[in-house]
2 protein chains.
Amino acid sequence: MPTKDAFAIGALSEETGVNIETIRYYERIGLLRKAARSAAGYRLYRAGDVARLCFVRRARDLGFSLEDVRRLLALADRESRSCEGAKEIAEAHLEEVRAKLVDLRQMERVLAATVKACGRGAVPDCPLLGSLGRLT
Amino acid sequence: MPTKDAFAIGALSEETGVNIETIRYYERIGLLRKAARSAAGYRLYRAGDVARLCFVRRARDLGFSLEDVRRLLALADRESRSCEGAKEIAEAHLEEVRAKLVDLRQMERVLAATVKACGRGAVPDCPLLGSLGRLT
DNA sequence: GTACAGCCTGTAGCGACTACAGACTCAACA
DNA sequence: TGTTGAGTCTGTAGTCGCTACAGGCTGTAC
């Protein structure tokens, strides 16, 4: 490590909870800037990179797509850090999340009811299989 | 079409609501048996295939993986069609669905709160971007 | 005969990773 | 100084469940 305050990808991974392979992947697709390199070719990171990657991780935890994260990062890089843009992205994403919730809740209801109707094993004509359809 | 009661992939797709490409995909991965062929090489289907594919579609609608669907199909093909096996598959899947629900609900809560805290556009220091983290 | 829809195969792309293989580097210890 | 073992590198391929072509054949209607 030639410079002070610089650390390798393993440390960044530890620090952020993001998989090493995933960090390299993010760099490859241009979500993260290309890291500086040591003489031997090791990627070198600094505190700022930790902050950036934590930002990415939190956004991912909220379910934002990598494309959204890319845009959010760009917005956060602007001086003003105003709500402009960011709010629209979040609102659109919130819509999707709510739509998925509706679907999942429906699945949950049907599955729970079907499982409940199921016997202990020996019962013929399983209601679960029946609900999926007769195979002729 | 050499035989009566046989129809081509387009009709099967219409009948079941499953995309043509998806049907071919299911056949390729062995989820559906290889279809009979006309002299010219067209796939030929019958009523039984409609039932089978509807079964698959319903299971997919409930969020079962293709691997689960494969197992459920095998269970449904057995004479007894007992609950044995099927119930375990469904219960495991229900667990996953519930876990996803927990995650999604959490996302929804955080997102909704953050969006609500967001201003109309000109406000600096957007709380949404702030909640994701400061970039140094 | 000539459109045109429908079907065929094979391949590649999506999103967001994950998992190697095979080679190099670095730090610690004997 | 040599050696071990952990860490890192690149490049490629696999995952899941489709979807979208390209380029060619077939079937039907006019």
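Quick notes on this one:
- 24 Å tail of the calculated P(r), the protein assembly as shown, as % of Cα pairs: 65
- Taking the convex hull of the alpha carbon positions in the stretch A:93-136 and averaging its projected area over all directions gives 4.1 nm².
- Protein accessible area in the protein assembly as shown, 1.4 Å probe - carbon and sulfur %: 50
- A crude spin-label estimate for the pair A:Ser80 and B:Ala51, with each label 7 Å from Cα along the Cβ direction, gives 6.5 nm.
- DSSP loop trypsin sites (Lys or Arg not before Pro) with at most 14 other Cβ within 10 Å: longest gap in chain A: A:35-77
- Under the simplified labelling scheme, the A:Thr22-B:Ala117 pair shows an inter-label distance of 2.3 nm, with each label point 7 Å from Cα along Cα→Cβ.
- Within the listed set B:Glu88, B:Glu79, B:Glu14, the Gaussian network model of chain B (springs between alpha-carbon atoms below 10 Å) gives the highest mean-square fluctuation for B:Glu79.
- For A:93-105, mean number of other protein chain Cβ atoms within 10 Å: 4
- Only helical runs count toward this figure. For chain B, summing -39,500 (n - 2.57) over DSSP H runs of n ≥ 4 and dividing by all residues gives -19500 deg cm²/dmol at 222 nm.
- Other-copy label distances relative to B:Asp77, 7 angstrom Cα-Cβ extension, nm: 5.4
- Each of A:Ser38 and B:Arg98 was given a label point 7 Å from its Cα along the Cα-to-Cβ line. The distance between the two points is 4.8 nm.
- Taking both sides together, the accessible area buried where A meets B is about 4900 Å² for a 1.4 Å probe.
- Shielding of A:47-59 by partner chains, average beta-carbon count, 10 Å: 3
- What separates the A:Gly30 label point from its copies, with the point 7 Å along Cα to Cβ, is 4.0 nm, written shortest first.
- Its convex hull of Cα atoms gives the stretch A:1-110 a direction-averaged projected area, equal to a quarter of the hull surface, of 8.7 nm².
- Nearest to the axis that brings chain A onto chain B is this chain A residue, judged by its Cβ, with the distance in whole Å: A:Leu104, 3.
- If you model the stretch B:1-63 as an ellipsoid using its alpha carbon gyration tensor, with each semi-axis the square root of five times an eigenvalue, the axes come out at 20, 12, 9 Å, biggest first.
- Under 5 Å between amide hydrogens, built in the peptide plane, is the criterion, and for B:Ala36 it picks out B:Leu44 among residues at least 5 positions away or on other chains.
The values are calculated or read from the model by the stated rules, or taken from the named source; none is laboratory data. Please read all numbers here as calculations on a predicted model, not as lab measurements. Backbone-built Cβ (ideal geometry, glycine too); neighbour counts: all protein chains shown. These accessible areas exclude ligands, DNA and RNA; they are computed on the full protein's heavy atoms, side chains included. Shrake-Rupley method; radii C 1.70, N 1.55, O 1.52, S 1.80 Å.
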